[in-house]
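Have a look at the structure below before the remarks.
Every read-out reported here was derived from the displayed coordinates using simple, explicitly stated rules and does not represent laboratory data. None of these values were measured; they are calculated from a predicted model. Don't worry about glycine lacking a Cβ; one is built from the backbone with ideal geometry, like all the others, and counts go over all protein chains shown.
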Amino acid sequence: MNEKCHQFLLRLIILFLLRGASGVLTDVFCSYGENVTLPCNNAHADCTWIYERNRDSIAVVLFANGIKKNNTERHDRLSLESDCSLNIYKVTKEDRGLYSCKQYKDGIKRLEDGPSFSLHVLHVSSPSTQTEIRPGSSVTLSCHLYSYDEYYCDPLVDIDGVQLVWVNHAGVNLQTYSRFQILHSGHCNSTLTTTFLNEDNNTEWRCLATFKNEVKTSASYTVEYLVAVWPTLDVSSSRVIIFLGEIAALTAPTVILLLIFCEKRPSEFWFII
């Protein structure tokens, strides 16, 4: 058995231990910038929330006995409800990770394991600057799902793994169009490359994150040109140009007359009037 298979089996074992026999670990998916609430279902707001960003990080206490730890990151974006539910405002990719609620049971002053959540954050980004957003220029969009455990992203996981799918505003898979080049790196990273067309202005492309064949969340990118795109000249446009030309022809004598007035001396000008 090679090293890759050993690592894969180790991830499965660790994931099973995290979930436990009762399946207390819940996967929560959200997109960048959303608000998320993780329930603890405790009768009293005296629980303790513990957070781990990834397996290599040290566990951090966010709330201890219902009191927020002021020295933690994201202090201003965290709050606790009366039932110990944890609120995270305007989620970023740095919020991904494992959240565990510890609570008191039956009045006994001993913390016991409560629900745990694996938070996955979906984010779409583009390296292009605004000056490059115009017809004829190319763009590469990156869709990435940030997770606590690489198990969800491992290409060996085909059944329960994550899948990223690019669709348009109508929900049609962009993979079916030849103008879009889509590349996947594992299950948690996908890039879309295309060249902007005139009709792409105000168009939305969306990246869907599916888990167990169910759409869990999505993140979008909207094309917005800085300069207005002029439509191709058609018959109606030609009529508009002819109409403007006729107006110019009618107003030309008036303009010439005004110029003559301006060249005359003031006394002559008032005489003409």
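How much length is gained if the chain between L226 and N202 is pulled fully straight, taking 0.36 nm per residue apart and subtracting their Cα-Cα distance, in nm to one decimal?
7.6 nm
Note the full-extension length gain between S82 and N168 as 0.36 nm times their separation in residues minus their Cα-Cα distance, in nm to one decimal.
26.9 nm
Taking H as built 1.01 Å from N, whose amide H comes closer than 5 Å to the amide H of K216, not counting residues under 5 places away?
Correct list: A209, T210, F211.
Please list, in chain and number order, the residues 5+ apart from T92 or on another chain whose amide H is under 5 Å from its amide H, with Hs placed from the backbone.
Answer set, sorted by chain and number: G33.
Each residue of region 167-175 in turn: what ³J(HN,Hα) in whole Hz from Karplus with 6.51, -1.76, 1.60 and θ = phi - 60°, glycine and Pro shown as x?
Going residue by residue, I get 9, 8, 5, 8, x, 7, 4, 5, 5 Hz, with x marking Gly and Pro.
Just order 86-96, 175-185 by mean Cβ neighbour count inside 10 Å, highest at the front, would you?
86-96, 175-185
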